[in-house]
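Reading through the structure tokens given below for one structure.
The values are calculated or read from the model by the stated rules, or taken from the named source; none is laboratory data. Here the structure is a predicted model, which is why all the values come from computation and not from measurement. All Cβ positions, even for glycine, are placed from backbone atoms using ideal geometry, and neighbour counts span all protein chains on display.
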Amino acid sequence: MKISINLLPPELTAQKKKSVKFIKIQFIGISIVLVMIFLSSLTLALRILQNRNISLYQARVAGAEQRVSDLKNTQASLTLLKNRLQVIDQYLGVASKQTSIYQLVDKLLPQSAVVSSISVDQTGGVTFVAVLPDNSALESLVTNLTDTEENKEKFSQVTIESLNRDKQGLYRTSLRIKAI
Amino acid sequence: MKKEIIKFYLEYKLYIFPAVVALSSLFLIIFAIYPQTAKLIDGQKSASQLAGKSEFLETKVQALESVDGEDLARKVRFVLNALPAEKDFANVLALLQQLTAESGFSVSSIALGNSGTKMGNSDSFDVRMEIRGSKVFLQGLLSNLENSPRLIRVKVIDISSANQQGADIALSLGVLYSGLPKDFGAADSPLPELTSADEGLIAALEKINTTTPTSFAQSPRGKANPFE
């Protein structure tokens, strides 16, 4: 049987324990401080690198802006070209309302009709005076003008302002068409 | 005194050392790590913005350098013929006379009317034209007018005393013009791209310009280079 007896005074044991604990704290503390110093240095270094990159980009941008400025006439011409084309596209080859209404009325008139006057105003409204040889031509004219398929739904109202029949049996009519 | 401080430290080192470490770490965090990290994040945004801008400008420069100057000038000439910056009455009168004659009409009178009328985003001035000819050719004339090298819109059609010998026709036309844009785009503004539809339109303008007499259709009046 082995018997061990600690003859050291208890203060010494406590001091030793305290010393070991302090070494641990010292190790952890120094590690923390070193990590902090490392992080500070790292962020600083990254910032320096980043500033260098930013300066590089700024120089590149300034250079490119200068080159764009040198080519400003080309850019102005392109801008003008695009700007003009947008307007021209709305009008070139697109019949105005007045022209398309006139073309439609001309198409809807029976061949036997003789138009003595026709007027298409700024709103697209049409007034015309026509002489028709017979009743069927008159009927055909009115039917064509009022049929939504024939008039392509471009007319909202067709008004017969006057209708006369002369001795020869010719119909003279004055019509007003309101465009949509 | 010194001995007292050392004695005090030795007695409380278990508390003093961690406190010093904590304070140092806090100091480093507050005065170095946090501000630098914040600046780094901001700087990253600026750097990526600058990189994007640089790339955009480089692409723009390449696009501008690849533009054929002569071809562009030719296209600008066509669009300025169609929609000039000024009214250019002389060319309009010549064009109207030419188109009416080509369409089989004789001009009785041409009067310049109201100017400064807005038509969409453009300005226009009125022209009242009295012509004589067969009504049969009117559709052709209207089509010629609205497909002419200069943008012209028919506003009023008035046909009177139509008979077999011909008809008296009064046309009120709107002739378009538009001042030059004030802003031709900053260095960092995107470059306008010509679509295939735009190219088609330019081709149509070119065709119209080549099929109409050269006396009035070719060059707009005013400065040769409007950007100088």
In the stretch B:112-124, which residues are under 25 Å from B:Ala101 (Cβ atoms), out of contact with any Gly (no Cβ under 7 Å at 6 or more places or on another chain) and in contact (Cβ under 8 Å) with a residue 40 or more places away in the chain? B:Gly113
Checking A:Thr99, A:Thr43 in turn, the sole residue that is surrounded by 16 or more Cβ atoms within 10 Å (Cβ to Cβ) and under 34 Å from the mean Cα position of the chain (by Cα) turns out to be A:Thr99
Inspect the stretch A:3-20 for any residue being within 49 Å of the chain's Cα centre (by Cα), more than 7 Å from every other protein chain (Cβ to nearest Cβ) and not in a helix (DSSP H, G or I) and give the result as yes or no. no
Checking A:Ile118 against (1) in contact with a strand residue (DSSP E or B) (Cβ under 6 Å, 6 or more places away or on another chain); (2) at the interface with chain B (Cβ under 7 Å from one of its Cβ atoms); (3) part of a helix (DSSP H, G or I), which test does it fail? (3)
Within the stretch A:83-96, is there a residue that is facing another protein chain (nearest Cβ under 9 Å) and of a type in the set (Phe, Trp, Tyr)? yes
Quick check on the stretch B:170-189. Is at least one of its residues in contact (Cβ under 8 Å) with a residue 40 or more places away in the chain and exposed (fewer than 13 other Cβ atoms within 10 Å of the Cβ)? yes
Look through the stretch B:1-48, keep the residues that are among the basic types (Lys, Arg) and facing chain A (nearest Cβ under 10 Å), and return whichever of them is nearest to the chain's Cα centre (by Cα). B:Lys39
Output yes when any residue across the stretch A:123-145 is without any contact (Cβ under 8 Å) to a residue 12 or more places away in the chain, within 40 Å of the chain's Cα centre (by Cα) and surrounded by fewer than 16 Cβ atoms within 10 Å (Cβ to Cβ), and no when none is. no
Tally, over the stretch B:164-203, of residues that are in a loop (DSSP other than H, G, I, E, B) and under 16 Å from the mean Cα position of the chain (by Cα): 18
Determine which single condition A:Ser55 fails, assuming it passes every other condition in (1) touching an Asp or Glu at 6+ places or on another chain (Cβ under 8 Å); (2) more than 8 Å from chain B (Cβ to nearest Cβ); (3) not acidic (Asp, Glu). (1)
Going through B:Arg221, B:Arg153 one at a time, which residue ends up being in contact with a Ser or Thr (Cβ under 7 Å, 6 or more places away or on another chain) and either surrounded by fewer than 20 Cβ atoms within 10 Å (Cβ to Cβ) or modelled with pLDDT of 85 or more (or both)? B:Arg153
Please specify each residue of the stretch B:137-150 satisfying the condition of being over 33 Å from the mean Cα position of the chain (by Cα) and buried (at least 20 other Cβ atoms within 10 Å of the Cβ). B:Leu138
Sole exception among (1) closer than 23 Å to B:Leu205 by Cβ; (2) hydrophobic (A, V, I, L, M, F, W, C); (3) within 25 Å of the chain's Cα centre (by Cα) for B:Val61, by number: (1)
